[in-house]
Structure formats: structure tokens, C-alpha cells
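Have a look at the structure below before the remarks.
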Amino acid sequence: MTELIQVKKENHIAYITMNRPDKLNALSEELATELNIAIKDADQDPNVKVMILSGAGRSFCAGGDIGSFQQIHSVADMLNHMQEVVQIQNTIQNAQKYIISAVHGYAAGAGFSVALATDFIVAHRDAKFAISFNHIGLIPDLGLVKKLSEVVPPHLAKEWISSAKEVSAEEGFQRGFVNKIAEGDVVKEATEFAQFIISGPPIANPFVKYLVNHAHELTNETNQMLESTMQALLFQTKDHKEGVRAFFEKRKPDFKGE
């Protein structure tokens, strides 16, 4: 039996691949569960500094597994299904380490949700971000309405959702939710993109991720208190001292995560 999630770790990167190519990596409950486990495992691995999430076969992720909907017969069944699958967004956003989506083919429906939940998106020039829930009489889920409304104006988010819009990688880049457009192998180019994370300060990055992810929730006073506390902690690290030495010695710092 093919593993639904494949993981390879090398050079401080955990490559996590959704491996259901015959279904365009549609999110079954089983795939969602294994993806949650893989991300949590990589997040706890001290040798991993960043994760790259991709899809096997022709697409990143075609969204929810519509075929499995045949097994859902009640509101309670659907709620149970959603509670399992929606954990992907929570796992991604609560991970300490940065996660990069390497998108090729389609990131459709819930697949678009997963990509937007990650910290960075590297997309092949031919990739499409599709919001296709309208075709089956549903609304976007896995936090897509909220995340999309944070990256494009509300009027545009309503139009895209209600018209089942397919957004090109180029438009995603122009709108600011795609960080880099890949011309070749998207995982390879995501690896190149990840180098600034690998060489960066691994203790500081989780603080940045937390503050950005929660910026909309924090008052100025709370944000300032968190910044001050985090800065005081970081000031005591060996990485900070190494950064100061490297500055005066006119070289790149060698951060150890200490």
C-alpha cells in the first residue's frame, strides 16, 4: 500500500509530500491525519529548520475528497469529518518552524486553504489556485474565507469565491500571497528559497511567525509587551551574541539555535 504521506529529511529540510496522485492528493481523513502527524514530527526534530510541503503527481492538492462525501449521511457525520480535516490548518499555523508550500498543478478548494495556511508559497508559473466550492453548493472551508480575506480586499474575496475563480500563479504573486514563481522544478526552487531560513536564527523565527500570525488579534499594548519579552529572551541567546560578533567582523553569522 502506498504511504499517503512521504517524508524525507536532509540538509535541515523536511520534505513532506502528499502522496495520493491518483486522486490529485485530495484530502481524505486518512491523508489529513497522516499530514498532521508528519508536520508535528518534523516540528519536534531538532535537525529540521524548515518544512517544504508538496504534492506527488500532477497537482499540489485538488481539495476535499468529494468521493468520500458519499459516506457522510448526517450533520453530525459532516461535523466529525470537518473537525478531523480542519486540524491541518491548526497544525500548520501552530508549528514552531516555517512551512513552505511548493505548488504545481492545482491547489484547489481545501488545497488552496492548505497553501494559504503555510508561511510561504513557491508556485510553478503554470500553477492555479482554484476556489471551486460554489460548483458543489458549499462555502470554502479549512479557514479559506478568513485567510483569503487577509490577503486580498473583501470585495475581491467575495467575487473570487462566488465566481469559483481560478487564480494564476502570476496573479497570486501580484496580489502578494505567492512569494516566488518557479520556472522549473518547484520543489528544487522552494529548496533554494528556503536557504535564508536555514541560515537564519532558528530561535527568533518562531517568534516572528507567532507575532505575524496573531497580529490581527493583538492590541498595540499586547503586541508591545510580547515584543519586549521576546526581545529580552533573545538578547540572552548565544545566537544574538554570535550575530553581534559577525556584524563587527563583517562576516555572515553562524547561528546554532542556542
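The values are calculated or read from the model by the stated rules, or taken from the named source; none is laboratory data. Because the structure is predicted, anything quoted here is derived from the model rather than measured. Every residue, glycine as well, gets a Cβ built from its backbone with ideal geometry; the counts of neighbours run over all protein chains shown. Only protein heavy atoms, including side chains, enter the accessible area calculation; ligands, DNA and RNA are left aside. Shrake-Rupley method; radii C 1.70, N 1.55, O 1.52, S 1.80 Å.
What FRET efficiency do you get for residue 199 and residue 163 if R0 is 30 Å and r is their Cβ-Cβ distance, rounded to the nearest 0.05? Mind dumping the intermediate values first?
Values: r = 42 Å, r/R0 = 1.40.
E between residue 199 and residue 163, to the nearest 0.05, is 0.10.
Under the rule that an exposed site lies in a DSSP loop and has at most 15 other Cβ atoms within 10 Å, name the longest stretch of the chain with no trypsin sites (Lys or Arg not before Pro) of that kind, not counting the sites themselves.
In the chain, the maximal stretch lacking such sites is 126-249.
Pick out which of 139, 39, 161 has the largest mean-square fluctuation in a Gaussian network model of the chain, springs linking Cα atoms closer than 10 Å.
Maximum among the listed residues: 139.
Sort 119, 41 by accessible area with a 1.4 Å probe, largest first.
Of 119, 41, the descending order of accessible area is 41, 119.
List the pairs from 49/158; 146/252; 97/238; 9/147; 128/252; 147/252 whose alpha-carbon separation is above 31 Å, in the order I gave them.
Over 31 Å apart, Cα to Cα: 49/158; 146/252; 128/252; 147/252.
Return the long-range amide H neighbours of residue 50 (sequence gap of 5 or more, or a different chain), with a cut-off of under 5 Å between placed amide H atoms.
Correct list: 14.
Keeping the other protein chains in place, figure out the carbon and sulfur percent of the accessible area of the chain, with a 1.4 Å probe.
Carbon and sulfur atoms account for 55 percent of the accessible area of the chain.
Can you give the net charge of the other residues whose Cβ lies under 15 Å from the Cβ of residue 182, counting K and R as +1 and D and E as -1? Show your work: numbers first, answer last.
Values: positive: 125, 128, 180, 188; negative: 126, 170, 183, 185, 189, 192.
The answer is -2.
Rounded, prolate or oblate for the range 116-258? Axes are the square roots of the Cα gyration tensor eigenvalues, ordered a ≥ b ≥ c, and the cut-off for rounded is a/c under 1.5.
Working: a/c = 3.42, a/b = 1.66, b/c = 2.07.
Oblate is the answer for the range 116-258, as a/c is 1.5 or above yet b/c matches or exceeds a/b.
If we count every other residue with Cβ under 15 angstrom of residue 170's Cβ, Lys/Arg +1 and Asp/Glu -1, where does the sum land?
+1
Using θ = phi - 60° and the Karplus relation 6.51 cos²θ - 1.76 cosθ + 1.60, list the HN-Hα couplings for the range 197-206 in order, rounded to whole Hz, with x at every Gly or Pro.
6, 4, 7, x, x, x, 7, 6, 4, x
Want the number for residue 58 to residue 185: 0.36 nm per residue separation, take away the alpha-carbon distance, what's left?
44.5 nm
So which GluC sites (Glu not before Pro) in the range 215-255 pass both tests, a DSSP loop state and at most 12 other Cβ atoms within 10 Å of the Cβ?
Those that pass, being in a loop and sparsely packed, are 217.
Among 234, 246, 206, whose Cα projects farthest towards the positive end of the dipole of the range 168-258, with charges put on the beta-carbon of Lys, Arg (+1) and Asp, Glu (-1)?
About the Cα centre, the residue reaching furthest to the positive side is 246.
State, to one decimal in nm, how far the label point of residue 44 lies from the label point of residue 150, with both points 7 Å from Cα in the Cβ direction.
It works out to 2.6 nm between the two label points.
Using a probe radius of 1.4 Å on heavy atoms only, what accessible surface per residue do you get for the range 79-125? Whole Å² is fine.
Details: 1420 Å² over 47 residues.
Here the per-residue accessible area is 30 Å².
Protein chains only, probe 1.4 Å: how do 3, 150 rank by accessible area, largest first?
I get 3, 150, largest accessible area first.
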